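*Asks:* One structure follows; several queries about it will come next.
The values are calculated or read from the model by the stated rules, or taken from the named source; none is laboratory data. Just so we're clear, the structure is a prediction, and the values are computed from it rather than from any experiment. A quick note on method: Cβ atoms are made from the backbone with ideal geometry, for glycine too, and the neighbour counts reach across all protein chains shown.
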Amino acid sequence: MSASRLQIYNDALLLLGQRPIANLTVNEEGRRLLDQVWDGAGQGTGGVDACLEQGQWKFATRASKFEHDPDITPEFGHQYAFAKPIDWMETVAVCTDEYFLASFLNYGDENQFWLASVSPLYIKYVSNDADYGKNLSLWPVSFREFVVAYHASRIVHKVAPGMTAYIIGDPTKPEQRGILQSRLLTAKNRDAWAGATKLMAPGSWVKSRQRYGNGNWRDGGSRASLIG
């Protein structure tokens, strides 16, 4: 079953030992507080966006081709500027090819722009678009549970101060994680295992042993041995 805003609210309330609400219009303190967290009232960043910023979530990752902005010229350094899209949350990968095989590291990240001296760039990023990160039907269970814990953590001081250490953790005992941190780690670990397995790209030492163009080895050896 996919998540819904009402389910997120009720699970957060239940986590805090509070009774659930019937709908999103009831005049109850828990609902009003969770509205503020969800919408970002007084904090600038909505609750879901805050959670999306915490990882390179595969379900929320979007791939796009970016051309440089001809109206913007960096004062020094890189030659081109690329405007970040409005749904950008976190950069996942920057490449110079459409298949995302050639990782590109020589770029800058400044405010709302990426900077580079090549164009175009192919970029994967965490998106909060309604078809990506804000599409609750795409959320894995572990991410949904993290969102629940995040919303609970933002209102625990108001509705259940005695549960603060359980939800957020005890600053005097850093070895004891609160449920918020535990769920974030679980979500990240499960996300890391999701998707197809990829082989590590060959390093410079391996490439130096390889003949140009035909994929054979200069020394007739194999990649499984350092001797050849």
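*Asks:* Does the range 102-160 hold any residues that are more than 27 Å from Leu13 (Cβ to Cβ) and of a type in the set (Gly, Ala, Ser), and which are they?
*Replies:* Ala102, Ser103, Gly108, Ala116, Ser117, Ser119, Ser127
Residue-wise test of (1) modelled with pLDDT of 95 or more; (2) surrounded by 10 or more Cβ atoms within 10 Å (Cβ to Cβ); (3) on the phi > 0 side of the Ramachandran plot.
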site: Ser142; (1), (2), (3): yes, yes, no
site: Glu145; (1), (2), (3): yes, yes, no
site: Lys173; (1), (2), (3): no, no, no
site: Gly228; (1), (2), (3): no, yes, yes
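*Asks:* Restricting attention to the range 59-80, which residues are at pLDDT 95 or above, of a type outside the set (Asp, Glu) and assigned to a loop (DSSP other than H, G, I, E, B)?
*Replies:* His68, Pro70, His78, Gln79
*Asks:* Among the residues of the range 89-101, is there at least one that is closer than 17 Å to Ser142 by Cα and in contact with a Gly (Cβ under 9 Å, 6 or more places away or on another chain)?
*Replies:* No, the range 89-101 contains no residue that is closer than 17 Å to Ser142 by Cα and in contact with a Gly (Cβ under 9 Å, 6 or more places away or on another chain).
*Asks:* Checking Gln56 against (1) touching a residue at least 60 places away in the same chain (Cβ under 8 Å); (2) more than 27 Å from Val141 (Cβ to Cβ); (3) of a type outside the set (Ser, Thr, Tyr), which test does it fail?
*Replies:* (2)
*Asks:* Considering each residue of the range 1-19, count those that are surrounded by fewer than 17 Cβ atoms within 10 Å (Cβ to Cβ) and closer than 18 Å to Ser153 by Cβ, and give that number.
*Replies:* Residues flagged as surrounded by fewer than 17 Cβ atoms within 10 Å (Cβ to Cβ) and closer than 18 Å to Ser153 by Cβ within the range 1-19 amount to 4.
*Asks:* Now, a different point. Could you tell me how many of the residues in the range 1-58 are under 24 Å from Asn189 (Cα atoms) and in a helix (DSSP H, G or I)?
*Replies:* 12
*Asks:* How many residues are in contact with a strand residue (DSSP E or B) (Cβ under 7 Å, 6 or more places away or on another chain) and not aromatic (Phe, Trp, Tyr) when one looks only at the range 1-59?
*Replies:* 4
*Asks:* Exactly one of (1) crowded, with 17+ Cβ neighbours inside 10 Å; (2) free of Cβ contacts under 8 Å to residues at least 40 places away in the same chain is unmet by Phe113. Its number?
*Replies:* Here Phe113 clears every test but (2).
*Asks:* Go through the range 164-181 and report how many residues are in contact with a strand residue (DSSP E or B) (Cβ under 9 Å, 6 or more places away or on another chain) and either over 16 Å from Cys51 (Cβ atoms) or not β-branched (Val, Ile, Thr) (or both). First the steps, then the outcome.
*Replies:* Looking only at the range 164-181, we keep the residues that are in contact with a strand residue (DSSP E or B) (Cβ under 9 Å, 6 or more places away or on another chain), and these are 169, 176-181.
If we keep only those that are either over 16 Å from Cys51 (Cβ atoms) or not β-branched (Val, Ile, Thr) (or both) as well, we get 169, 176-178, 180-181.
Number satisfying all stated conditions: 6.
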